[in-house]
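Take a look at the structure below.
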There are 2 protein chains.
Amino acid sequence: MSERVVPPAARRRRRPTKQGVVLSAELIVATALRLIEEHGSEALSVRRLGRALGADPSSLYRYFRHTDDLMLAVADELIGRSMRSWRPTGDWPADLRDLGLRMHAGALAHPRAAVLSAHRVTGRAQEIQAVETILGVLRRAGFPDPEAVRIYHAFVDQALAFGALDSAGTALPRAAREAEAQVWRDTYGRLPAATHPHIAATSRHLVATMRASSYPAALELFLTAARTRLDHVRADGAG
Amino acid sequence: MSERVVPPAARRRRRPTKQGVVLSAELIVATALRLIEEHGSEALSVRRLGRALGADPSSLYRYFRHTDDLMLAVADELIGRSMRSWRPTGDWPADLRDLGLRMHAGALAHPRAAVLSAHRVTGRAQEIQAVETILGVLRRAGFPDPEAVRIYHAFVDQALAFGALDSAGTALPRAAREAEAQVWRDTYGRLPAATHPHIAATSRHLVATMRASSYPAALELFLTAARTRLDHVRADGAG
DNA sequence: ACCTTATGACAACACCGTTGACCTGTGAAG
DNA sequence: CTTCACAGGTCAACGGTGTTGTCATAAGGT
């Protein structure tokens, strides 16, 4: 075996599979993304991917060392797609909101990749560009450097963490998802006020609210707090 | 097969396994937690768990319908351990801060289990108690019901999401962790100001800040925003 | 036209969760 | 005490998974 994976630059022989498909890392990543989108993230396995490509599963190991490797490539593609069309408006809360929602939506669109890559620092081009962009928004808004970095860190981690959390939810098998909805309806919706007064008093809101992602709300709270911080910084600077 | 799992209350015959172990739901959950802690979350499988217990894997299906069911029980146990010693002080931001830090710390104490269970609704005893407690803090603080539920949702998800994110980081192999630190030092610490002005200007802060969890900072921002909301609610109510 | 070798295919391995059928000892009832 | 229903442990099997050692072959430089 030694080294199964040949770096892309060294690849030359474009030999088609039995079913006539010419493989490439790009085609594999694209097909994986398509599979996830069409049949859910649990539908992604090396064997299924091989079948979808018209190739033997083991052929994929000529392009990726293992499944994790493939998922990272998928994640990288994801970052690119999320940020590609973003343009700053100069209104920093609006810009941050847009960026946060984009990152979150990107994660939700490809749950399995998101869960896997949320906690990793790649140091690759797309990621660096994103860091520079977000820091720029904050510094231009007037946050002093240490505060800008703190806010940046919390902002990015919040987007990634909620993205991963909500992704894990959507990656659940359908039966488990329905079971969760039922728990909210049947368990939390029916607790007696005598033993659980606060749940009973708010059960209507709980059942309605808990099925959706809380990221939009959390993001608004984040922006509110950031504005408050900026006001204090300015007041201190002026005083 | 029909109904394999007998509810705990109806269990009476304590028949030991071939290896002399007397099974119970509690023993199984405790063993699962131990396995996860000792050998990583990927070491948890029905078969391994059976081996660790000294029982046939299929025996576990007398106590849990499927693996998911078992994971929910593990998650509930985790919640219970985090909340067991908490006492309210009446100062709602302080209480929320304490609760948030406890949940986060609980996740970090059991990284692999936290990653697996953060996104699940268990509907079990410990979780219900936690929901009631947190809702109580918010409602007593003066948040009207729909707002209390929204804030509750964001608060819990934030704690769970950051817990899972930071857990995933600490669960990484040592080599990978060091590689990440090096990326911050060597890649982000050395980008030229000409191409990446914002990163270059803040690189000192970036390198220092990015290694620690951003949850405490995010939590403070959350509390700031919640206070602002409460002020607005009161002003509206008074006006 | 030849030869190297990149790359696809195959078969096998060691796992996984889950279930239907079977067996056995417990513990309550008589 | 004995009986005996059945809770609960065991066994074997099914269809899935990621991964790898080996082999075959056609692509492409010479």
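Computed from the coordinates by the stated procedures, all read-outs in this text should not be read as laboratory data. Small disclaimer: the values here were computed from a predicted structure and weren't measured. Neighbour counts are summed over all protein chains in view; Cβ atoms, including those assigned to glycine, are modelled from backbone coordinates with ideal geometry.
Calculated mean residue ellipticity, 222 nm, chain A: -21000 deg cm²/dmol, from DSSP H runs (n ≥ 4) at -39500 (n - 2.57) each, averaged per residue and rounded to 500.
Checking understanding here: applying a Kyte-Doolittle mean of at least -0.5 and a length along the axis of at least 15 Å (C-alpha), which whole DSSP H helices in chain B pass?
Values: long enough: B:25-39 (21 Å, 0.74); B:67-83 (25 Å, 0.42); B:92-109 (25 Å, 0.10); B:125-141 (24 Å, 0.37); B:145-170 (37 Å, 0.25); B:197-209 (18 Å, 0.25); B:215-238 (34 Å, 0.05).
Once both thresholds are applied, what remains is B:25-39, B:67-83, B:92-109, B:125-141, B:145-170, B:197-209, B:215-238.
State the volume of the convex hull built on the alpha-carbon positions of region B:18-112, expressed per residue in Å³ and rounded to an integer. Hull volume over Cα atoms, normalised by residue count, gives 103 Å³. Reducing region A:180-239 and region B:1-64 to their Cα centroids gives an inter-centroid distance of 37 Å. Within the shell of other residues whose beta carbon sits under 10 angstrom from the beta carbon of A:Tyr63, the net charge comes to +2, with Lys and Arg scored +1 and Asp and Glu -1. Among A:Val22, B:Val74, B:Val21, a tally of other beta-carbon atoms within 10 Å of each Cβ gives an order, fewest to most, of A:Val22, B:Val21, B:Val74.
Shape annotation for the protein assembly as shown: C-alpha extents along the principal axes are 76, 74, 36 Å, from largest to smallest. Take every pair of alpha-carbon atoms less than 8 Å apart whose residues are at least six positions apart; their mean separation over the length of region A:87-238 yields a relative contact order of 28 percent. Here is how far apart the B:Arg12 label points are across copies: 8.0 nm, shortest first, using a point 7 Å from Cα toward Cβ. Counting Cβ atoms of other protein chains within 10 Å of each Cβ in B:143-152 and taking the mean gives 5. Going by neighbour counts of Cβ atoms within 10 Å, the residues A:His39, A:His205, A:His198 line up, fewest first, as A:His39, A:His205, A:His198.
Expressed in whole Å with the largest first, what are the equivalent ellipsoid semi-axes of region B:88-238 derived from the C-alpha gyration tensor as the square root of 5 times each eigenvalue?
In descending order, the three semi-axes are 35, 22, 11 Å.
By the beta-carbon count within 10 Å of each Cβ, the least crowded to most crowded order of B:Thr31, A:Thr187, fewest first, is A:Thr187, B:Thr31.
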